[in-house]
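A short worksheet on the structure shown next.
No value in this document is a laboratory result; all are computed from the given coordinates. This structure is a prediction, so every number in the text was calculated from the model and none was measured. We place every Cβ from the backbone using ideal geometry, glycine too, and count neighbours over all the protein chains shown.
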Amino acid sequence: MINVNLNERLPERELMVQTQLIGRDITDEVIINAMLTVPRHKFVSEDQQEYAYDDSPLKIEVGQTISQPYIVALMAQTLGLKASDKVLEIGTGSGYSAAILSRIAQNIYTIERHEVLAYLAKERFKELGYKNIDLHIGDGTLGWLEKAPFEAILVTAGGPMIPDSLIEQLAVNGRLVIPVGDKAEQKLMRVTKTETCELKEENLGLVRFVPLIGSEGWDGSKIITSSNESIRK
Ligand code: SAM
């Protein structure tokens, strides 16, 4: 049962959409509707809620971030989603971008390496009634082989390279959006797998994301549990 008033803070979302999204280059109606619908303030801790509709990223638990609304909308628009798409997200974080994707496409699979973030995101999906999101705790650089192929893959953390596993799990005509670069700054890349399985790469501009940590990312393959131990797979 949904026990949240989905109209709560709607005027702030309307202003966010007008000034931060339509005022820039977000034109896709389906994305605009998703950004109007999903209550972003429910994805941050109480002390951050007053800033939830600001034009900026915000801090979430364990030193991670929820991306700026414009970046979430831009990445979703860049994925060129269809309603029937199966989408993989790497880096669930607060769960906000998975929630946005879940209003646009049929099935969302999302992976987070921090157990505590995964737990909180799962609670939010339940509270808000978002039933088409499956969450897995693990190293997302390896993808989710059992559920592949994916028509779209979104990586919400910055890696040193494009993980081979994600390329392999991308469907023909599939789109992968990922920040690639060093730990300070990355290029937002869109990779499209063509009919002949060639890769078309486009650079969409500079961005700053927290690091993608994993066996095909930075610093090896640690999974962080709630007790804060590291498990090396
Ligand atoms: N999509 C998120 C949201 O809407 O709140 C923003 C995520 S934050 C910018 C990036 C997330 O990627 C962090 O939660 C981080 O723990 C996670 N992450 C980094 N490396 C990862 C990996 N290899 N597998 C899964 N998650 C990873």
The chain, Gaussian network, Cα under 10 Å: of Ile108, Ile26, Ile90, the residue fluctuating most is Ile26
Exposure proxy ranking, count of Cβ atoms within 10 Å, fewest first, for Val87, Val4: Val4, Val87
Label model pair Glu29, His41: point-to-point distance (7 angstrom along the Cα→beta-carbon line) in nm is 2.9 nm
Where both partners of a DSSP beta bridge lie in the stretch 10-230, what percent of those bridges are antiparallel, to the nearest 5? 45 percent
In vacuo Debye sum over C-alpha of the stretch 1-77, base-10 log of normalised intensity I(q)/I(0) at q = 0.23, 0.24, 0.25 Å⁻¹, listed in q order, is -1.11, -1.18, -1.25
Estimated FRET transfer efficiency when R0 is 45 angstrom, pair Glu185-Lys82 (beta carbons, to 0.05): 0.90
Neighbour-count order for Thr110, Thr65, Thr37, fewest beta carbons within 10 angstrom listed first: Thr37, Thr65, Thr110
Between the alpha carbon centres of the stretch 172-219 and the stretch 1-70 the gap in Å comes to 24 Å
Cross-link reach from Lys147 to lysines, straight Cα distance under 25 Å and at least 8 residues apart if same chain, gives Lys82, Lys86, Lys122, Lys126, Lys131, Lys193, Lys200, Lys222, Lys233
Once you have the alpha carbon radius of gyration of the stretch 10-230, what is it after dividing by 2.2 N^0.38 Å, with N set to its residue count? 0.94
Partners for Lys183 among aspartates and glutamates (Cα-Cα distance below 19 Å; same-chain residues under 8 apart left out): Glu112, Asp139, Glu216, Asp219
At a 10 angstrom cut-off on C-beta neighbours, averaged per residue, how do the peptides 156-169, 184-197 rank from highest to lowest? 156-169, 184-197
In deg cm²/dmol, rounded to the nearest 500, the helical mean residue ellipticity at 222 nm of the chain, built from -39500 (n - 2.57) for every DSSP H run of length 4 or more, is -6000 deg cm²/dmol
